[in-house]
Amino acid sequence: MLKPIRLLTGVALVLLMAGAALAQRPRSMNQDKPEPAANVPPPPPAPPTVKAKYEGGVFGYNKKIEGTLNFDDLNQRLVFKDGKQKELLFIPYNAVTGAYGDTHSVRPAAASVASAIPSIYALPANFIKTKVRYLTLQYSDPDSKVAGVTSFRLENKDILDSVLNTVAGKAGLSRRGEVFVKRKTEP
């Protein structure tokens, strides 16, 4: 005769395995239901100049720099200028192969310091976070044979969405879920 503990252990193990099997089954796509992003109206076009912080990714520019992103439609390129409006780098629209917006939650420096000091404010300071928005661009320049990924920190979600959609439109990118990609051309 089985002991009750062994019986319960066996039943729990069978239920656990059945649950894991159901959780791992492939999910079918419903063709009738449109993507949630398809129902959302596109954001307004981005202004010609947007305040941004270069975070890195372009060869030769390894420091974070405050400045502006500018749409140079005359020369078909996205230009980053420093705080003195000196042009530092550019990416031709036709070189952009992918673009997406990204959000990170970070703790401000003051909250980190406050959480390290033993006081009644230490515990609440651990929960203080701010959202940081990034525009990330993948590029491959056919003229210079340079490729990479770069990112720019933008002020808020509305600016990020409008810049992302504007860059995607000017670069000829197609939406794939939350990202924009350049479709390969058939030879």
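Residue separation of THR49 and ALA12 scaled by 0.36 nm, minus their Cα-Cα distance, works out to 7.3 nm of gained length. Charge tally around TYR134: other residues with Cβ under 10 Å, Lys/Arg +1 each, Asp/Glu -1 each, net +1.
Legend: residues ILE117, ILE65, sorted from most to least accessible area (1.4 Å probe; ligands, DNA and RNA excluded), read ILE117, ILE65.
For an R0 of 25 angstrom, estimate the FRET efficiency from the Cβ-Cβ distance between HIS104 and VAL149 and round to the nearest 0.05. E between HIS104 and VAL149, to the nearest 0.05, is 0.95. Straight Cα distances below 20 angstrom link LYS184 to the lysines LYS145, LYS170, with same-chain residues fewer than 8 positions distant left out.
The values are calculated or read from the model by the stated rules, or taken from the named source; none is laboratory data. Keep in mind the model is a prediction, meaning the values are calculated, not measured. A quick note on method: Cβ atoms are made from the backbone with ideal geometry, for glycine too, and the neighbour counts reach across all protein chains shown. To get the accessible areas, we keep the full protein, side chains included, count just its heavy atoms, and leave off ligands, DNA and RNA. Shrake-Rupley method; radii C 1.70, N 1.55, O 1.52, S 1.80 Å.
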